[in-house]
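Have a look at the structure below, then the notes.
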Amino acid sequence: MTSETIRQSFLEFFKNKGHIIVSSAPLIPENDPTTLFTGSGMQPMLRYLLGEKHPLGRRIADAQKCFRAQDIDEVGDNRHTTFFEMLGNWSLGDFFKEEQIPWMFEFLTKEIGLNPRNIYVTVFRGNEKLKLPRDDESVKVWQDVFAETGIEARTHDFAERDGMRDGRIFYYDETKNWWSRSGGPEQMPVGEPGGPDSEMFWDFGPDLKLHENSEFQANPCHVNCDCGRFLEIGNNVFMEYMKTETGFSLLPQKNVDFGGGLERILAAKNNNPDVFETDVFQSLVSKLKELTPFYRGSTSIGATSIGATSIGEGGAQKIIRILADHLRASVFLIADGVRPSNKEAGYILRRLLRRILAYRIKYDIHADLFPEAVNAVKEKFGKIYPEVTRTKEILTVLEDEKQKFEEAIGRGVKEIEKYKEIEGKEAFYLYETFGLPYELVKELAPAETTRNLAKADFDKEFEKHQEISRAGAVKKFGGHGLILDTGELKAESEEKVGKAVQLHTATHLLHWALRETLGKEVRQMGSDINPERSRFDFSFNRKLTPDEIQKIENLVNEKIEADLPVNFEEMPKAEAEAVGALHFFKEKYPEKVKVYYIGTDLQNAMSKEFCGGPHVKKTSEIGKVKIIKEEAVGAGVRRIRLALAL
Ligand code: SER
């Protein structure tokens, strides 16, 4: 079976079960300021899972493009990729466990033809402290479907401690069998939906060589063990909870959110755990092998050495996998509009591209990999994702980036070799001078030179530099988007920077006025400021009335007229929290933070926020503002656009 067959039969199968097939959303979420990439099939469905009516009904299925930046460092083994396709089906308050589980089983065993004896499943153990029940309902349904194929599906409670023994269904805790966008039940922010899940695993068999050589060999192996014997091929999330201030409440409806990696289901079908050996990667990987000297013409890869670096067989395989993953992911990201830059999604793309470019230099790959990758991706995916057929445009972006950085990177890669010791300062120098991202320095430098290199030290250097290079650039801090990075800043007129700063302070006033008017449960969900307008997202579950909008606008303008001073103090995070400074729940803050406050003293200030600045010195500098729009961005999230009134 090929990836095309599996994708197609999944969609057909769920169409026959009454689902409407929708096309993949872009990799950059359209209406979700809280996340950089679409990392799961459920993200575009969020508002419908929360209760909004989906225009196409209550049963939806798709194949969704996904990108997970958090997996970049995992790429290189046989199963992790940054970009992947997730097959998904959803019940939006329609069917639940009793239907989903038998359907999944039917799909995997009958449609795809997987042997049920190699399928194992997991369910949520429950958590008394959190008052979350154990999922015995799913167990019952799984036992019934296995019984139909003559398999007695026994349960076991602590496979991670005792091994699998003769079990088929295993209970795990919330670190394994709970799903929300932000992780386990305790990590979820208020308002976030989530629920227990039931995952399906494919068993490649006890003879798998990977397991024999694995560090896990002595431990009792179980389905969630990392040795490589088992591969998770799908996850049924029973999304029925929402996080509240005090615990959990039930969502207005019980949802099913299923997601399964296409390449992984294919790997199971091939009974080969290496996703890079599936047809999805075939032509790209063989092209790469052809073009890389350590593969080309060498009969004994193990003996190949490059410069002083002996890479060995495992090393060669890892490099090919990383190149294949990063090339494919970059093409998809660019096709969806991402451009290399120094911030957010653009920075992640830049990281992928610079790693590819650095590998070319380090491993002496002369061939230009970009045209090959663009063609291979077009051939394999063009029919399903037509955006990747815009090869000329995609290639231009790639070549641009290559030109911009190749020379610098090349010198940087060589420069690394000169250091006996690389710490934060040196790493920052390499970043600033040659454009080498921190991660790449860490990866390319010999391990003994980076023993004392910590990300925090690099960040400290980075911050120092930013302060020195003057604070026209607003760092992403306190949830306010990076409005202008230093590069852009030089090109922008002072006037534009000034406007963005005015709007930045006005945004703090807006945040305050919203809470005054609508209640203290209003929370910032995201924001983005440019010289033309400020866009502010906050949690609130209904449309604002014209009166409320007017009142909020008036409050902001009153405080502007009152000509209040704006100041900041630096303090430990805990102290900042104690003083009541607002912060953005999705953001990770350093131990020491800046608190910007509006008013004469910190204790009594009307507005206090964790924020990197910059701000006007006195509110009167803002002039006057106007709310130009108020709209929904998702269930429970509203967006206000604020502009300077001329
Ligand atoms: N949202 C779940 C996941 O990403 C299932 O679709 O695993």
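Every read-out reported here was derived from the displayed coordinates using simple, explicitly stated rules and does not represent laboratory data. Just so it is clear, the structure is predicted and the values come from calculations on it, not from any experiment. Reconstructed Cβ throughout: ideal geometry from the backbone, glycine too, with neighbour counts over all protein chains shown.
Summarising the amide proton neighbourhood of residue 255: residues at separation of 5 or more, or on other chains, whose placed amide H is nearer than 5 Å comprise 93, 239, 240. With neighbours defined as other Cβ atoms within 10 Å of a residue's Cβ, the residues 330, 249, 341 order from fewest to most as 249, 341, 330.
Amide H to amide H distances under 5 Å link residue 607 with 598, where only residues 5 or more positions off or on other chains count and H is placed in the peptide plane. On full extension, the segment bounded by residue 451 and residue 417 gains 10.8 nm, given 0.36 nm per residue less the C-alpha separation.
Backbone geometry of segment 418-427 corresponds, through the Karplus equation with coefficients 6.51, -1.76 and 1.60 at θ = phi - 60°, to 3J(HN,Hα) couplings of 6, 8, 8, 8, 10, 10, x, 5, 5, 4 Hz, x marking Gly and Pro.
Residues 415, 461, 148, ranked from the fewest to the most other C-beta atoms within 10 Å, line up as 148, 415, 461.
Among the listed pairs 460/573; 176/269; 15/378; 289/318; 460/594; 460/592, those whose Cα-Cα separation exceeds 18 Å are 176/269; 15/378. Based on the alpha-carbon gyration tensor of segment 342-382 and its eigenvalue square roots a ≥ b ≥ c, which shape applies: rounded if a/c is under 1.5, prolate if not and a/b is larger than b/c, or oblate? Verdict is oblate for segment 342-382. Here the gap between residue 270 and residue 520, fully extended at 0.36 nm per residue and compared with their Cα-Cα distance, gives a gain of 84.5 nm.
Computed from backbone phi with θ = phi - 60° and the Karplus coefficients 6.51, -1.76 and 1.60, the 3J(HN,Hα) list for segment 248-258 is 9, 10, 7, 5, x, 8, 8, 10, 10, 10, 9 Hz; x is used for glycine and proline. Calculated on the alpha-carbon coordinates, the convex hull of the chain measures out at 170 cubic angstrom per residue. In a fully extended conformation the segment linking residue 106 and residue 130 would gain 5.3 nm over its present Cα-Cα distance, using 0.36 nm per residue. As a proxy for reagent exposure, ranking 389, 81 by other Cβ atoms within 10 Å from fewest up yields 389, 81.
Using the Karplus relation 6.51 cos²θ - 1.76 cosθ + 1.60 with θ = phi - 60°, the per-residue 3J(HN,Hα) values for segment 394-406 come to 4, 5, 4, 4, 5, 5, 4, 5, 5, 4, 4, 10, 4 Hz, with x marking Gly and Pro.
As a calculated quantity, the FRET efficiency between residue 624 and residue 600 at R0 = 25 Å, using C-beta atoms, amounts to about 0.65. Label sites at residue 1 and residue 118, each approximated as a point 7 angstrom past Cα along Cα to Cβ, lie 1.1 nm apart. Amide H to amide H, with H built 1.01 Å from N, residue 436 comes under 5 Å of 431, counting only residues 5 or more places away or on other chains.
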